[in-house]
Structures are given as structure tokens and as C-alpha cells.
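First the structure, in the form of C-alpha cells, and then the observations on it.
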Amino acid sequence: MYKTIPTLFVSVVCLCLALAATSSCSNDKVDNPLPIPIPKEQWSKTLKGNGEELGAYPDLYVNYWEYTYNLKEHQDKILFFKGHFPHCRYFSFSLYDDNTGNVIGGIDDQNIIPDEGSENPFLKSVSGEHSFTVCVVPSSVSEQTISKLGLRNVCRIDVAVERVAIVVREYLGTTSDGLQPDEYGGTDLPAITAINIHTLRQTTIPEHVETNVNKITSKVFTQRSDENRTMPFFLAPVSRYYPNNSTAYLYARTHLRSDSVLVFSFVPAPYPTKPEEYQSAVTRYWSICLGSCSDTRSYYSVCDKEALFVAGKKSTFIVCLKNNPRLADIRAKVEQMNNQGERMNLFVWDSEKLNVDGKPIGEVIAVMYRNILPDATWEYSIANMLPTAYKDETGEPIDHVTHPERQLAHLALGDYGPLGVKYATDEFLK
């Protein structure tokens, strides 16, 4: 999509020069610039969506990195995150209250203003410079100071927050030529530096402390509706577990046994194939993820560019257990139908697979249909649906349906909304 030219050394030196220029405007001078940081040592290890360790049903096609610090001890610092836009489908910074998991700020790729002389490759294909700087600024810093410093891409954080977790997300990262998957999106992680808000001089960054991101898991429980033959899809309510506020989710769940097959069909949302289409796309990205309701981790997934489907037509997703005695027949039928021009995506769920805790992932499956940056003006947008309570003392989601035409996906979205049905294996094969 575009070519990386600057090295990490150049990018960080540019940041130091920028800080020096900022200080000179205030008659200050960076007399002892700090050593050039090594970003991989500042951020966490890669938190992989497909690593089968993160809870709350992550996407298998995303990588995360976090930098968490005690704001309470560092309210006198502005943090700078300088790097190069990665080569990926979607990229963002998200800020969370690490004590609660609530989102408190962030910025998406297309809204990041590039550095002077650079371009944003999420707005158009570029071949030159594509560097950026994101600033995390305590709420105690005045707008006058922000203006004086000429800061762009400002993420404000309330000083009442004690611990801040800053998370970088990259979906479908590739090498710089876009030909191979790449863990870091073909570039380095952003380098982190800081200035003191009183002296406007460079200072040490806050210590990277242990985050609660690694400890998250959604509340686990059974539902009587898991045994129903039909599996409706609902709009997921806003999560308290480090959500991506730019994503809308449809969720469903069911208990699948070895003598049955789950089938759901719908027309997937169109997605863009080049940066020039990103801003006008009805969604930037979509995927289907299957997770275990026993531990809220994701185990199987297919994303838009990997799925079998034809634009504007229904695609079918089939789920059966690995221990289904007629698995070979199910595979053969799916292959036969695809050879006849159908679009059938088969998931084989291994209910006996042991998770990282040494326990079977079980037969109760959660299904997530994810749309990133959904356009609410699109007639079939997930964003137009109303959420239902996931589970509380008054009942299950199906008990909270008061406006089915806006709460049940197959009614709210027509052919663009999925509805799951379980069939006996013999019934499916016939």
C-alpha cells in the first residue's frame, strides 16, 4: 500500500528535535536529552487475538500492545507517541481506566493528523513519509498551553483516573509491500517520550506497570435459551472490558451437541479494498468469531477477506462439533455444495480442547459478528440496532426484547442480519 522510508532512529530523533523546538519557544532548552527509546522495551509483548489467552472474545485477526502507567503519580507529564502508520486494515489508540476497564478516550487511524510533511495512508495510498505523533495530555493542562505547544492528535485524560492503560490495535497487519502477514504491520511500535508541563523540558516517561488487561474475563454463566433450537443475534451492549468504541458487535450463543449442526446465513456488509474507500465504507472490516462461553476466549474465526461469500448475496456459516460421528459426511456435503457454487463456511468446534487453564472449552459457544467503524447512515448498519441486557437478575437477552424490529438482527437488518438454527445431523445432511 505504501513504503516505509524512515528508520526508527530518524523518527525518534525527529521527536527529540520537535521537543527541543517546543522548549525553545518557551525560552527553555533541552540541555540533557534522554537516550533514544527502544519502543519494544516500552510496550508490552504482543497480545495476540489468536493467542487463546485474552478474555472477552477478542478477534483472532488483531494484535494489541499496551502501555499502562500510574497517572496519579505523573499528572505533570505530557506523553508523546511518535511512529509510523502501520500497514494494516485498521489501527487505533484507545485509552482506558485500568481500574475499571472503561474506555476514556482514543483516536482512530483516519482521524490521526500526520506529522508535517507526511501523509495519512488510511485516507489515500501513499509512497512517501507517513509518520504521526499522538499526545496524551492530563486534563489539568490548559487549552492555552496545548495551543502554545502546537499539539495535534490530543487525547485528554481526567486526572481523577488513577491508572491509564493505552492500547494500540492493529487488524490484519502486513509487511510494507502488503504481501505477507506481519505482527507489527511492517513498522516499529510508536516511541514514547514525555515533557514536564511546567518546564516544557523532556523528562523520563512513567514506569510501565502491570495492567489488568491480562486479567479480564467476562462473567461466565449458563442460559436456558442455550438449549433453544433457534439462536437469535443481538446487538452487544457497551462492554466494561476494554472495548473498542469504534466497533459494533452482534452476539449470539447456543449449546451445540455432537448430534446437531448450527447454521446461520446473512449478507455480509461490504468492505473497502483500498484506503481511498475507507471513509465512505459502510464498515471498515467484518469478521465472525467463535468463543467459549466457559472462559470467554476466542478459538475460531474468519474475516471478510478470508470468508467464502459473494458481494450482495447470502453466505452461510456452519458449526459442528469435532466429535460429531458424521463429521466426514458434513465435510463432504459442504465441499459438494461449494463445488456447486454455494458459499459455505464450515467451523469444526473441538469441545474437548483444553484451554490455558487446563479445562475443556466445552459445548456452549458464543458467536460474534464484528463491524469496525460501521456507518450509522447505512440502511443495514448494526449501529442502528438497540442493545439488550446481556444477562441480569430479571432474565436473559430474549426476555428483554421490547422492540424486536430493532433488537433482533434478522428483523432489524433483513437479509444482512443473521439468525442461527440448529438441525439434527441427519436433517442437515438431507
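The values are calculated or read from the model by the stated rules, or taken from the named source; none is laboratory data. The structure displayed is predicted, hence computed values, not measured ones. Note: ideal-geometry Cβ built from the backbone for every residue, glycine included; neighbour counts use all protein chains shown.
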Exercise for the section: Examine the range 161-174 for a residue that is outside any strand (DSSP E or B), touching a strand residue (DSSP E or B) at 6+ places or on another chain (Cβ under 8 Å) and modelled with pLDDT under 95, and state whether such a residue exists. Expected result: no
Problem - All positions within the range 49-84 that are farther than 24 Å from Thr100 by Cβ and among the charged types (D, E, K, R) - result: Glu52, Lys82
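Given Tyr69, Tyr57, which one is at pLDDT 95 or above, under 23 Å from Lys215 (Cα atoms) and crowded, with 18+ Cβ neighbours inside 10 Å?
Residue meeting the stated conditions: Tyr69.
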Handout entry: All positions within the range 410-421 that are over 16 Å from Thr254 (Cα atoms) and surrounded by 14 or more Cβ atoms within 10 Å (Cβ to Cβ)
Key = His410, Leu411, Ala412, Leu413, Tyr416, Gly417
Exercise for the section: May I ask you to list pairs of residues, at least six apart or on different chains, whose Cβ atoms are under 8 Å apart, with the first in the range 397-420 being farther than 27 Å from Asn345 by Cβ and the second being crowded, with 19+ Cβ neighbours inside 10 Å and at pLDDT below 95? Expected result: His400/Thr388; Val401/Thr388
Exercise for the section: Could you grab me the full set of residues in the range 247-257 that are touching a Lys or Arg at 6+ places or on another chain (Cβ under 8 Å), within 17 Å of Ile372 (Cβ to Cβ) and of a type in the set (Ser, Thr, Tyr)? Expected result: Thr247, Tyr249
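Listed here are the residues, each with its yes/no results for (1) outside the structural domain of Thr296 (by TED's automatic domain parsing); (2) within 19 Å of the chain's Cα centre (by Cα); (3) of a type in the set (Gly, Ala, Ser).
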residue: Gly49; (1), (2), (3): yes, yes, yes
residue: Ala56; (1), (2), (3): yes, yes, yes
residue: Leu60; (1), (2), (3): yes, yes, no
residue: Thr68; (1), (2), (3): yes, yes, no
residue: Asp76; (1), (2), (3): yes, no, no
residue: Gly83; (1), (2), (3): yes, no, yes
residue: Phe91; (1), (2), (3): yes, yes, no
residue: Asp158; (1), (2), (3): yes, no, no
Exercise for the section: Within the range 78-94, work out how many residues are closer than 18 Å to Ile372 by Cβ and of a type outside the set (Ser, Thr, Tyr). Expected result: 7
Exercise for the section: Specify the residue that is surrounded by the fewest Cβ atoms within 10 Å (Cβ to Cβ); the eligible residues are those in the range 366-380 that are under 18 Å from the mean Cα position of the chain (by Cα) and not in a strand (DSSP E or B). Expected result: Asp375
